[in-house]
Amino acid sequence: MKKTLPALISHIALILALIVVMGILGIIASGAAAEGSEKFTGELERGVTLRILENDTAKEQGYLKELLDSFNAEYAEYGIKAVDANMDQYTDLETGGPYGYGPDVLYQANDALMKYVDGTRKHILPLPVEELDCYEYIDERAWDAYKVTIENQNFYCGVPVNIQQPLLYYRKDLLPADWENEWDDDKNGVPDIIENWSAMYRYSKQIRTESGGSKYGYMKSLNDGYFASGYFFSYGGYVFGGEDGKDTSDVGFSKNDGFKGAKIIRQLASVMNLECTEDTITKNSYSRMAQGAYFATMTTPDVYTMFIKEMVNAGYTEEYARENVVMKNVPKLPVSGDLEDESQGFKDMTVMGGVNGYAVSSYTKSPNAALAFVNFATSYKMIKLRSELLGISPARSDLADELGGLNSVINDNLNKGTIYVMPSVRALAQVWTPLQTYCEEFIRNGRSA
């Protein structure tokens, strides 16, 4: 007898809970936090070299070089030089740091950074964030991603750079020619296709049928837990319970009406091919959208330039590409939890998100120079350049307001809670694989049913 969606979700939640409980958990001791803070004396170390670990996109698009060159020119008089750490972007500080192989400064998502303070040994330092130029321009929710509270005192182990949330990417030039008459029921001048998932679902079904399966509408690797989890969250599911969302004994994807999110995922999978159950779509979405084989996908704002690059490779001008590859906030979901039932209207989708930022290794021999680098890298000038080159949505509210558009929307989403920030605990790493396996299982079973 086939399991129902709620039963399947409860089953996977139990597996997640068992795996998580087996993890090694811990909290920062107040003595260790104080000791870490004392390393920042305000006196720059002279004649030192800082190893900076950045992500691959920053390297490929030239941002890291711009950052290093600018910083090195600014601090040449102190004999301080920053260089590329030349390490994999997912290098584990915990394994390499104690032996001198880790970077001095590292840039990663909040969950990746904060795992280094969730244990018996602390691998990144609590920072005197009030001394940073960006401090007053970053909202509390962004800082919270890096907060540890000890004896009613808050410590921050990272500095927010950009807010990550899934966005819808679509080809404006592939919208139906008659969308104003056929796909704009509320007559607001915006295609329903990109406003709600029900219309996107219908349009995707139409494209696949009319093309005989050679073209698709919305395409996404639905086994990717980071993106798939938003469907569960939108109907009351969550990762961990507790007031702070860090109670790892309570895994809540199945809680409340979370099973409705599973139904949405299964419905979306029905208008895709079986590549949606593995990583193929994620890897080829840039080129396939450029070729016109996909109308839309979902990913984060920091890879926008990858779509533009593939459009140019496909023969389009960069101007045409930038005009027609559009990012927007994710569509709304039907309140009913059924893409074929719009009778109850639509609700905002809550998505998994994160706050990428900089941290300073506790193994650095130059903590003050490293802090100076973080201060420079999070300055208005450098974050604006990062936004221009990489398409990130800045955590600095002053810059987000100035840039407007999606940048303001993403900041607003964070503040109103429709971005579910990844829990900053080590145990989160143990969630992704079982969640991925589960999504693959119920999508395959649903497609064959």
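A few notes on this one:
- Summed over the range 23-60, residues that are out of contact with any helix residue (DSSP H, G or I) (no Cβ under 8 Å at 6 or more places or on another chain), in a loop (DSSP other than H, G, I, E, B) and modelled with pLDDT under 50 total 3.
Here's the yes/no breakdown for (1) at pLDDT 95 or above; (2) more than 30 Å from TYR116 (Cα to Cα); (3) part of a strand (DSSP E or B):
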site	(1), (2), (3)
VAL161	yes, no, yes
LEU168	yes, yes, yes
ASP184	yes, yes, no
VAL190	yes, yes, no
SER198	yes, yes, no
ARG202	yes, yes, no
THR209	yes, yes, no
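- Failed criterion for TYR231 (all others in (1) among the hydroxyl-bearing types (Ser, Thr, Tyr); (2) closer than 29 Å to GLY417 by Cβ; (3) open to solvent by 10 Å² or more (accessible area, probe 1.4 Å) hold): (3)
- Residues in the range 116-146 that are under 20 Å from LEU93 (Cα atoms), surrounded by fewer than 24 Cβ atoms within 10 Å (Cβ to Cβ) and out of contact with any Ser or Thr (no Cβ under 8 Å at 6 or more places or on another chain): GLY119, THR120, ARG121.
- Any chance PHE259 is modelled with pLDDT under 95 and part of a helix (DSSP H, G or I): yes
- Count of residues meeting criterion [within 20 Å of ALA377 (Cβ to Cβ) and touching a residue at least 60 places away in the same chain (Cβ under 8 Å)] in the range 390-409: 10
- Members of the range 88-100 that are within 17 Å of GLY357 (Cα to Cα) and of a type outside the set (Val, Ile, Thr): ASP88, GLN89, TYR90, ASP92, LEU93
- Test for GLU180: is it among the acidic types (Asp, Glu), assigned to a helix (DSSP H, G or I) and surrounded by 15 or more Cβ atoms within 10 Å (Cβ to Cβ): no
- Applying the criterion of being over 20 Å from ALA58 (Cβ atoms) and in a loop (DSSP other than H, G, I, E, B) to the residues of the range 279-319, the residue that is modelled with the lowest pLDDT is ASP279.
- Filtered residues of the range 331-353 (kept if surrounded by 23 or more Cβ atoms within 10 Å (Cβ to Cβ) and either charged (D, E, K, R) or outside any loop (DSSP other than H, G, I, E, B) (or both)): LEU333, VAL351, GLY353
- Given (1) under 23 Å from the mean Cα position of the chain (by Cα); (2) assigned to a loop (DSSP other than H, G, I, E, B); (3) at pLDDT below 95, index of the condition GLY213 fails: (1)
- Residue within the range 184-199 that is of a type in the set (Ser, Thr, Tyr) and open to solvent by 10 Å² or more (accessible area, probe 1.4 Å) present: no
- Residue check, TYR235 farther than 23 Å from TYR201 by Cβ, at pLDDT 95 or above and among the aromatic types (Phe, Trp, Tyr): no
- Filter result for the condition that a residue is of a type in the set (Asp, Glu), at pLDDT 95 or above and out of contact with any His (no Cβ under 6 Å at 6 or more places or on another chain), over ASP348, ASP401, ASP412: ASP348
- Filtered by the rule that a residue be under 24 Å from LYS81 (Cβ atoms) and of a type outside the set (D, E, K, R), the range 99-112 gives TYR99, GLY100, TYR101, GLY102, PRO103, VAL105, LEU106, TYR107, GLN108.
The values are calculated or read from the model by the stated rules, or taken from the named source; none is laboratory data. Just so it is clear, the structure is predicted and the values come from calculations on it, not from any experiment. Methodologically, a virtual Cβ is constructed for each residue, glycine included, from the backbone with ideal geometry; neighbour enumeration extends over all protein chains shown. Quick note on the areas: whole protein, heavy atoms, side chains included, nothing else; ligands and nucleic acids left out. Shrake-Rupley method; radii C 1.70, N 1.55, O 1.52, S 1.80 Å.
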